[in-house]
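The values are calculated or read from the model by the stated rules, or taken from the named source; none is laboratory data. Remember, predicted model here, so these are calculated numbers, not experimental data. We place every Cβ from the backbone using ideal geometry, glycine too, and count neighbours over all the protein chains shown. What goes into the accessible areas is simple: the full protein's heavy atoms, side chains included, and nothing from ligands, DNA or RNA. Shrake-Rupley method; radii C 1.70, N 1.55, O 1.52, S 1.80 Å.
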Amino acid sequence: QPEFKVLAASADAEEALQRVREAKPDVVLVNFGLVDHDSLELTQTVRREVPGAKVIVMGILAIQEDVADYVRAGASGFVMKDASSEDFFATIRAVAAGEQVLPPALTTSLFAQIVRHEVLKDPVNVRDHARLTSREREVVDLLSEGLSNKDIGTRLNIAIHTVKSHVHNVLE
């Protein structure tokens, strides 16, 4: 892609981390299936040592048990294992522009992990505070079907920023 500039690439995690420290790129692509290193730990290290770099985790499966861990570690975006090149490049562009990208296929997994975490942490508090409005429930249902914010807005006849606001409220 003509607007992209590759500053470094490495198959070795330690070497890649050193190159990230030196080059201080805008976006770092981390392969989920690293053989020689823990990709979650690498994501945390990049975000801690090069805070201006945004991390995209690649090669994620639709039912990924640790998506929430990557979000907490500072990942700004995800690329599915079976993503098209158009999706791949669109994710890089969006993350570079400051957006966070979660493919629709991962929303159900992420919501389930958040709920599981909160219930284990304080089941009474979750039950008392996890009351969603009917519109928020509609948005969650459509997200779980894999619809994008734009598609949800169209389906519910509301603006995209309103959909994003409902998603934000649900996550809060």
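Computed with a 1.4 Å probe on the full set of protein chains, the accessible area for Ser76 sits at about 20 Å². For a straight C-alpha distance cut-off of 18 angstrom, the lysines reachable from Lys150 (same-chain residues fewer than eight places away being disregarded) are Lys164. Could you work out the local net charge near His166, counting Lys and Arg as +1, Asp and Glu as -1, over the other residues with Cβ closer than 13 Å to its Cβ? It works out to a net charge of 0.
Each Cα pair under 8 Å and six or more residues apart adds its separation to the average, and for the range 1-71 the resulting relative contact order is 30 percent.
Legend: calculated FRET efficiency, Ala8 to Arg72, from the Cβ-Cβ distance at R0 = 22 Å, rounded to 0.05, equals 0.25.
Partner lysines whose Cα lies under 21 Å from the Cα of Lys24, excluding those fewer than 8 positions away in the same chain, are identified as Lys5, Lys54.
Annotation for Lys150 and Thr162: the two label points, set 7 Å from Cα along the Cα-Cβ direction, are 1.9 nm apart.
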